[in-house]
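Student: The structure under discussion is supplied below as structure tokens; questions concerning it will follow.
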Amino acid sequence: MGDTCRIELDGTPFEFPVIEGTENERAIDISKLRSETGYITLDGGYGNTGSCTSAITFIDGDQGILRYRGIPIEELAEKSSFIETAWLVIFGKLPTQADRDRFATMLTEHSMLDENMKKHFDGYPTNAHPMAILSAMINTLSAHDPEVWEADDDESIERAAAVLMSKVRTIAAAAYKSSVGEPIVYPRYDLRYAENFLHMMFSKPYKDYEPTPAVAKALNLFLLLHADHEQNCSTSTVRMVASSEANMFASCSAGVCALWGPLHGGANVAVIEMLQQIHDGGISVDEYVKKVKNKEDGVKLMGFGHRVYRNFDPRSKILKAAADDMLKELDIHDPLLEIAGELAEAALSDDYFVSRKLYPNVDFYSGIILRAMGIPVNMFTVMFAIGRMPGWIANWKEIHDDPKGRIYRPRQIYVGPTDQHWVPREER
Ligand code: SDX
């Protein structure tokens, strides 16, 4: 018998099992709490609640550790690619050359949209937010490819994953092209994943866009670093939807909606807006930091802080180095990067942030890299979604493959009015 946790409720002792993960994380298994005690737990924001056991990603927030299927993010960033890492995250092991070739071929074969899908873009206003288009069109994809609804074994799941990962690029680029009044660009058969996306974003009928190796490398790295991140808001949303046995596309479409918020994936936009506001307003970094500390109008230091990391987000360190390298290679002088550096320096030496364990997160530098690539700000969170797709697919698969899986259905403590009755309108 493993460890147990003993609690006393209304004078009655109860025992619950303690479980331990492979990284020595410990949890009290309260799956029988309500049936045995009549009590439930309450944990606003789920800061202390595990919704599942998972074998995909491990984060140690105190040590600033991030591993995909046990492999440190630093090693993958240095030695792997987004597509290889995506396959690792989804299927739990590094792909063989045969796996790699098969998946890469599927990504290329599935990069085009059904011509009828393109008609949907004509219906959106040019100022439609690309995240609204992305979530809608991911669901629409499954209407054009009903085979993905039946994805069940590894082979059919791999195909559905390739369809989704490949077409999400084409949808994103098509949303951008529609917003700038340019014709949607077809994917090319000879280009790799990141390069094909950049081609669809920036090529024109009269001139092909050829990304420099530095830009393609930076985009590959950006996507790899975003591939998964444990039970964050959008991934938990995907699992919630997947637990009802909804298909992969419907579940990931829900993930896009959750990611949109400025506290989550929308933070990379909010960081640039914050840096631009400081730059355009001629506000000194010290003045801005003071606003944040005074919590003026809820002003936050966007790109800082994290529910899990109480240390540097390892991804922000890698992205900062990549941003420095890319700007140097492209000979781009971005004043916002300088402001970002000054802000980080000011915050990291200020007890207000240090005492609250607020450090730069993945979003703090990612906007700088995306800007340098020429990606428009309203596409930043879309880029995050493209990178996070493997993680959402992996979590959908983990739910799908669990024979003991149950639909997610949290409880609540009711605090509303009691014992009310209907009254006729004239008496209200
Ligand atoms: C992502 O979960 C994931 O893994 C997400 C993600 C992923 O890969 O999926 O890592 C991606 O979403 C990164 C986070 C991006 N968001 C931002 O950069 C927005 C700014 N950050 C904050 O909104 C905040 O830090 C959160 C939302 C990230 C975390 O919020 P928590 O854990 O609920 O923290 P909290 O609100 O309880 O804050 C604790 C204290 C408070 O001050 P006091 O009440 O103690 O005085 O810290 C303060 C907060 O006011 N605080 C900040 C702050 N973040 C927290 N103060 C200023 N600036 C900030 N950014």
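The values are calculated or read from the model by the stated rules, or taken from the named source; none is laboratory data. Computed from a predicted structure; not experimentally measured. Neighbour counts run over all protein chains shown; Cβ positions are idealised from the backbone, glycine included. Areas reflect the complete protein model, heavy atoms only, side chains present, ligands, DNA and RNA absent. Shrake-Rupley method; radii C 1.70, N 1.55, O 1.52, S 1.80 Å.
Student: Rolling a 1.4 angstrom probe over the protein chains, ignoring ligands and nucleic acids, what is the accessible area of residue 337 in square angstrom, nearest 10?
Tutor: Using a 1.4 Å probe on the heavy atoms, I get roughly 30 Å².
Student: Ok, one more. Top to bottom by accessible area (1.4 Å), largest first, where do 52, 233 land? Show your work: numbers first, answer last.
Tutor: Values: 52 45, 233 80 Å².
Greatest to least solvent exposure: 233, 52.
Student: Given labels modelled 7 Å from the Cα in the Cβ direction, how far is it in nm from residue 10 to residue 428?
Tutor: Between residue 10 and residue 428, the label points sit 3.8 nm apart.
Student: What are the membrane-span-like helices in the chain by this rule: whole DSSP H runs, Cα extent along the axis at least 24 Å, mean Kyte-Doolittle hydropathy at least -0.5?
Tutor: Result, helices passing both filters: 154-179, 380-400.
Student: Work out how much length residue 20 to residue 297 would gain on full extension: take 0.36 nm times their residue separation and subtract the Cα-Cα distance, in nm to one decimal. Spell out each step's value before the answer.
Tutor: Details: separation 277, 0.36 × 277 = 99.72 nm, distance 4.24 nm.
Fully extending the segment from residue 20 to residue 297 adds 95.5 nm.
Student: Do any chymotrypsin sites (Phe, Trp or Tyr not before Pro) in the range 182-213 lie in a loop, going by DSSP, with at most 10 other beta-carbon atoms within 10 Å of their beta carbon, and if so which?
Tutor: When the chymotrypsin sites (Phe, Trp or Tyr not before Pro) of the range 182-213 are filtered for loop state and at most 10 Cβ neighbours within 10 Å, 189, 206 remain.
Student: Roughly how many whole Å is it from the C-alpha centroid of the range 113-179 to that of the range 221-288?
Tutor: Spelled out, the Cα-based centre of one part sits 19 Å from the other.
Student: Taking every alpha carbon pair in the range 137-280, what does the distance histogram look like in 10 angstrom bins from 0, in percent?
Tutor: 10, 31, 38, 18, 3, 0
Student: Name the long-range amide H neighbours of residue 203: under 5 Å, sequence gap of 5 or more, or other chain; modelled H, no Pro or chain starts.
Tutor: So residue 203 has HN proximity to 209.
Student: So what is the relative contact order for the chain, in percent, with contacts set as C-alpha pairs under 8 Å and at least six apart?
Tutor: 20
Student: For the chain, taking Cα atoms only, what is the radius of gyration to one decimal and the Dmax to the nearest whole Å?
Tutor: Gyration radius and largest Cα-Cα distance of the chain: 23.3, 79 Å.
Student: Defining a contact as two alpha carbons under 8 Å apart and six or more residues distant in sequence, what relative contact order in percent does the range 1-71 show?
Tutor: 16
Student: As an exercise, identify the GluC sites (Glu not before Pro) in the range 190-253 lying in DSSP coil whose Cβ has no more than 14 other Cβ atoms within 10 Å.
Tutor: Those satisfying the criteria are 245.
Student: Here's another thing I want to ask about it. If packing is taken as the average count of other Cβ atoms within 10 Å, what order do 392-404, 349-361 fall into, highest mean first?
Tutor: By packing density, highest mean first, the sequence is 392-404, 349-361.
Student: Here's something else I'd like to know. Spelling out what I want: for every residue of the range 50-63, take phi, set θ = phi - 60°, compute 6.51 cos²θ - 1.76 cosθ + 1.60 (Karplus), and round to whole Hz; glycine and proline get x.
Tutor: Couplings: x, 8, 6, 9, 9, 10, 8, 10, 10, 10, 10, x, 6, 8 Hz.
Student: Simple spin-label model, 7 Å along Cα-to-Cβ: residue 42 to residue 324 in nm?
Tutor: 4.8
Student: Arrange the residues 248, 106 by how much accessible surface each exposes, largest first, with a 1.4 angstrom probe.
Tutor: Details: 248 0, 106 35 Å².
Descending accessible area places them as 106, 248.
Student: Can you give me the three principal axis dimensions of the range 259-414 from its C-alpha atoms, in Å, biggest first?
Tutor: Computed over the range 259-414, the largest-to-smallest principal extents equal 56, 42, 25 Å.
Student: Leaving out same-chain residues fewer than 8 places away, which aspartates and glutamates sit with a Cα under 16 Å from that of residue 290?
Tutor: Once the sequence-local aspartates and glutamates are set aside, what remains near residue 290 is 342, 345, 350, 351.
Student: As a test of the formula, what do you get for the chain when each DSSP H run with n ≥ 4 contributes -39,500 (n - 2.57) and the sum is divided by the residue count, at 222 nm and rounded to the nearest 500 deg cm²/dmol?
Tutor: Helices in the chain give a 222 nm mean residue ellipticity of -16000 deg cm²/dmol.
Student: Follow-up question, since we're still on this one. Suppose R0 equals 41 Å; then what is the FRET efficiency for residue 277 and residue 99 from their Cβ-Cβ distance, rounded to the nearest 0.05?
Tutor: Efficiency at R0 = 41 Å is approximately 0.35.
Student: Once you've got the Cα coordinates, tell me which of 217/320; 79/320; 204/320; 300/357; 295/320; 79/207 are over 22 Å apart.
Tutor: The pairs that break the limit, which is 22 Å between Cα atoms, are 204/320; 295/320; 79/207.
Student: Continuing with the same structure: Given a 1.4 Å probe and heavy atoms of the protein chains only, how would you sort 91, 16, largest accessible area at the top?
Tutor: On the way: 91 35, 16 5 Å².
Ranked from most to least accessible, the order is 91, 16.
Student: OK, next. Say each of residue 245 and residue 307 gets a label point 7 Å from the Cα, pointing the same way as Cα to Cβ; how far apart are those two points in nm?
Tutor: That separation, rounded to one decimal, is 2.8 nm.
Student: With only Lys, Arg, Asp and Glu charged, each at its Cβ (+1 for the first two, -1 for the last two), find how big the charge dipole of the chain is about the Cα centre; round to the nearest 20 debye.
Tutor: The dipole of the chain has a size of about 520 debye.
Student: Residue farthest toward the positive end of the dipole of the range 241-344, with Cβ of Lys/Arg at +1 and Asp/Glu at -1: which of 298, 242, 260?
Tutor: So the residue we want is 242.
Student: For residue 404 and residue 333, what does the FRET efficiency come to when R0 = 45 Å and r is the distance between their Cβ atoms, rounded to the nearest 0.05? Each step should come with its number before you reach the end.
Tutor: On the way: r = 56 Å, r/R0 = 1.25.
Efficiency, rounded to the nearest 0.05: 0.20.
Student: Put +1 on the Cβ of every Lys and Arg and -1 on every Asp and Glu Cβ in the chain; which of 37, 191, 335 then has its Cα farthest towards the positive end of the dipole?
Tutor: Value computed over the given set: 335.
Student: For the chain, with all protein chains present and a 1.4 Å probe, just round the carbon and sulfur fraction of the accessible area to a whole percent. Let's see the in-between values first.
Tutor: Values: 11090 of 21630 Å².
Heavy-atom surface of the chain belonging to carbon and sulfur, 1.4 Å probe: 51 percent.
Student: How long is the gain from residue 127 to residue 31 if the chain were fully straight, where each residue apart is worth 0.36 nm and the alpha carbon distance is subtracted?
Tutor: 29.9 nm
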